[in-house]
């Protein structure tokens, strides 16, 4: 396998604004290969990991992620996921995956009804996913959030099943937005599609306050290299 | 046809009208009257302020572009730093959310129209006292509006200030500063190149936003539909984000010669200014302008202030490529005119020429007024009651939990202040510090205003404010490269207000010349008054500084138990116009501190030197608020306590709460001495309490955590009940 | 023709906006208000021969999120 760089595809929708940050974290900090994928393309350009970054796709108009999920690239991403490909949705990316049905549940407005940008403490609940294999269960992470619609909701049977199957990957230590069961990040039943509200790309360099997020990209790369 | 009433409605004087007739050699038609009315308005022409603003220094070692363009530019770390501040005061009183949001939108466009990707926003906000629910509603709306526009744009709002004075109740101030980075050799200017080039309109369709004299225009053209005046412009940050990306792409591919965003007087100002600067004329085809409303008249099309629109001059033959890029981003782009050899501004509509004036007459020929002014009365009051000793701990609690000094966390957590991953110093601590990816340098940003000082002594207040901005930069080891400024005043037709303005500019000139730092551009906002009550003179100074090496940046996390606390500089007998007086006495006046600029410069240089030699863990300036409140705030960030042993040679109130300039605190594990400025070891970081001994007597003993809680809770309790 | 589509949060989903508005109304003295739920109204102009089918589909597929929202639509006379 060696040290061949893993190819990450960073999807860009009209209104996405964390694409450059995510590209930077993957390419310049994690040292892997990154390329942009335009929402209208259906060619994933050989990407081995697909990342849907944060932002305000389509202005968050109608509902966050509600319009983006109809983009042409979504079909290709669904096929990619069905075949077991790794997909990571960050913030708005998570919202898009929820709207597209690639992850269960939905996002509501934050309980406090305001946008919140701050570093939060998370606890790793599942260290066996492709995105968290470099972390340890119970480990505390300091990663920032920046959202107004981060209040994760799922119906009682759905959330119970997710808990049973350990599909709540990250939890808030101090719930900032009312998310059910303090859910900050989840994974699908196949174990290859993950969504989280916090921004790991903003916690990848010590100069900006924390490096706890970097291992999420490194984990995904390691998983791809070793499979 | 053109009578006195019409002139009044257009805000033109008889003299101005005579001048227009002289320039045209005939009477203007109604459309042309509208053009002059807006282009010669105070807002567009700066007619009351230009002769004074020209006194300000506009040359500097790092200067690439001074006043006269969409924004100013300085050089830092081999890049071009593009920055400017703009006001959106009156709209923010009418509709706080949209007023603030469109203010952010406007200043962002001023930056990216120069080819710079915006990397930071800062805002200087001034409201009436929060005890009044209406002021709370305005503040809430303004903060939401800034967040509502800045966050989707992906530009972090990294800093700013919020201030409260009674006079801002009916005239809040919203001054927004934006900073962007461009490549040194790829800056775009408002130029039109040569004759025969296409003018391309890109962005949102044009509506009736911002048109004031719409009624008579409708009458002229006999329109039957009822035109609803759109007084409140609604911003669309999604559209602007698309516009930003498309515009930067067009610039990167070098497809345009010049560009200007459509702000005040939209299509008219952007086209005429670009043409005028290049010695050519323009011919606009109004039938091609994308419209949002039905039945719009040429008057409305030319003067609309609809948001999110840019006007660019295409390189010959590149029109198709430009349109393709905009279409990719979902933005409408259309050819709406061309540059012509004749130096005229011509607008054609339905086959007829509806306006035809010399292109230089709109922007360049506006009158310059030397309005009469009287010297302001200076407040020299010093009441002995203010000097009395008090329970300094109790006072500290009151001051830090007042709206003047309470934690602004409630505000800045609504702003995405981390996007673009450049924010090195989080908001709330002092100046903002951003890194430049791939470089060891950083830039420091601050925006500072002090209406209290301005009210009591406009000239000295301005000097102090400039010094304050530079001192803030010094506290992170940055030297100022240039400033942008926003001058907010009442009605300049009143001699006492004009006097405040003149004195303020004099003060700025004195300080800037002394520090050898240029003004790169800025904004003047007049007529901030209601029922004859004007705002105090408020000059916002936005400064940009360079940090040569971020690895030595001081920060609260560097401070350790046992570190020494040093006081540097000179302590004067100053308490007038301070936060202390406002909180303890409800007094907003009093003699403003004097400043010795030589001493100030020595202090700043010394602190910068110590920081760059990596001797400083944390540093901060003491105004406004004074030593004790600012030290308390530093301790909240450091999360430790301190023991101070002071021996004031002046009244305790001056030492603890006075706002003398030329005073700073540094915290360091080392033994620091100085030959250039007075330096005194006044305490040590230890424990979890703030304890102060004055001449051996314990005068303050408070738990840091408990103080921090009152400091943090104030805004939450006020707004989140 | 014109149609109206209403989208609102399902009964079991917490509506913090509705809650906040209810509290504000109580503070203003409207104590008789028992509950407030905030939703969205879309006014649609459309033609074609299957307006009911189209409205049902866009309401279900795009304008509402079935996990948390319900909808109802009507064609205006």
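No value in this document is a laboratory result; all are computed from the given coordinates. Since this is a predicted model, take the numbers as computed values, not measurements. Glycine gets a Cβ as well: all are built from the backbone with ideal geometry, and neighbour counts include every protein chain shown.
What to note about this one:
- Inter-chain shielding of C:59-67 (mean C-beta neighbours from other protein chains, 10 Å cut-off): 4
- Peptide A:17-27 - average C-beta neighbours from other chains (10 Å radius): 3
- On Cα atoms only, tilt of B:14-24 relative to the major axis of chain B in degrees: 50
- Percent antiparallel among DSSP beta bridges (both partners in the protein assembly as shown, rounded to 5): 75
- Once the Cβ-Cβ distance of residue B:13 and residue B:166 is raised to the sixth power relative to R0 = 45 Å, the FRET efficiency obtained is 0.85.
- Neighbour-count ranking [beta-carbon atoms within 10 angstrom, fewest first] of B:40, A:38: A:38, B:40
- The stretch B:1-41 and the stretch B:65-95 have their alpha-carbon centroids 31 Å apart.
- Build a GNM of chain A with springs between Cα atoms under 10 Å apart, and of A:30, A:154, A:203 the one that fluctuates most is A:154.
- With the helix formula -39500 (n - 2.57) applied to DSSP H stretches of n ≥ 4, the protein assembly as shown reaches a computed 222 nm mean residue ellipticity of -9000 deg cm²/dmol.
- Calculated FRET efficiency for the pair residue B:531/residue C:36, C-beta based, R₀ 45 Å, to 0.05: 0.75
- FRET efficiency, residue B:496 to residue B:232 (Cβ-Cβ, R0 56 Å, nearest 0.05): 0.95
- On full extension, the segment bounded by residue B:54 and residue B:585 gains 187.2 nm, given 0.36 nm per residue less the C-alpha separation.
- Relative contact order (%) - criterion: Cα under 8 Å, at least six apart; region: chain B: 15
- Working from Cα pairs under 8 Å separated by at least six residues, relative contact order for the stretch A:92-207 is 31 percent.
- Extension gain (nm, one decimal) between residue B:558 and residue B:609, 0.36 nm per residue minus Cα-Cα: 16.6 nm
- Between the stretch B:361-404 and the stretch A:189-227, the Cα center-to-center distance that results, in Å: 51
- The spacing between the stretch A:1-43 and the stretch B:264-304, judged by their C-alpha centroids, is 41 Å.
- Here each label is just a point 7 Å from Cα along the line to Cβ, and for residue B:514 and residue B:253 those points are 5.3 nm apart.
- Label separation (residue A:78 vs residue B:375): 7.9 nm, computed from points 7 Å beyond Cα along the C-beta direction.
- The angle between the Cα long axis of helix B:597-612 and the longest principal axis of the Cα atoms of chain B comes to about 80 degrees, rounded to the nearest 10.
- Axis of helix B:30-39 versus longest Cα principal axis of chain B: the two differ by about 20°, to the nearest ten degrees.
- The value of relative contact order for chain A, using C-alpha pairs under 8 Å at least six residues apart, is 21 percent.
- Shielding value for B:419-432 is 4, the average number of Cβ atoms from other chains within 10 Å of each residue's Cβ.
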